[in-house]
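Peer 1: First the structure, which I've put down as structure tokens, then a few questions once you've had a look.
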Amino acid sequence: MARLSRQEIIDPNEPTVVHVINRTVRRCFLMGDDPLTGQNFDHRKQWIEALLERFAAYFGIELLCYSILSNHYHL
């Protein structure tokens with residue numbers, strides 16, 4: 001059975017707390033050292049943090065907390 005769409009679950013007139021997860025695919029890394037190539041991607045954390053702050057302001061949401069890991073993040 002298919003899940004309900006967010007439009008059917010979330011009432012836009014009511015404050016809601018939502019947990020969002022996003023993962024990378026195909027052994028890609030957001031941050032840390034890639035063991036295969038030896039590249040370090042730690043510089044991306046500042047990029048992601050700046051984008052989160054900017055998008056929260058644009059979309060009028062309050063970002064309560066976040067966690068950025070090597071291959072996924074939680075908001």
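Peer 1: Would you mind telling me which numbered condition in (1) surrounded by 12 or more Cβ atoms within 10 Å (Cβ to Cβ); (2) assigned to a helix (DSSP H, G or I); (3) not charged (D, E, K, R) PHE29 fails?
Peer 2: For PHE29, the exception is condition (2).
Peer 1: All but one of (1) over 20 Å from HIS74 (Cβ atoms); (2) modelled with pLDDT of 85 or more hold for LYS45; state the number of the condition that does not hold.
Peer 2: LYS45 satisfies all of (1) over 20 Å from HIS74 (Cβ atoms); (2) modelled with pLDDT of 85 or more except (1).
Peer 1: Look at region 5-26 and say how many of its residues are open to solvent by 100 Å² or more (accessible area, probe 1.4 Å) and touching a residue at least 40 places away in the same chain (Cβ under 8 Å).
Peer 2: 3
Peer 1: Here is a list of conditions, (1) more than 11 Å from SER70 (Cβ to Cβ); (2) basic (Lys, Arg); (3) not in a loop (DSSP other than H, G, I, E, B), and LYS45 meets all of them except one; can you say which number that is?
Peer 2: (1)
Peer 1: So in region 32-71, with the set limited to residues that are surrounded by 11 or more Cβ atoms within 10 Å (Cβ to Cβ) and of a type in the set (Lys, Arg), which one is nearest to PRO12 (Cα to Cα)?
Peer 2: For region 32-71, the residue satisfying everything is LYS45.
The values are calculated or read from the model by the stated rules, or taken from the named source; none is laboratory data. The structure presented is a predicted model; accordingly, all values stated were derived computationally and were not measured. Please note: Cβ atoms are built from the backbone with ideal geometry, for glycine as well, and neighbour counts cover all protein chains shown. These area figures cover heavy atoms from the full protein model, side chains too; ligands, DNA and RNA do not enter into them. Shrake-Rupley method; radii C 1.70, N 1.55, O 1.52, S 1.80 Å.
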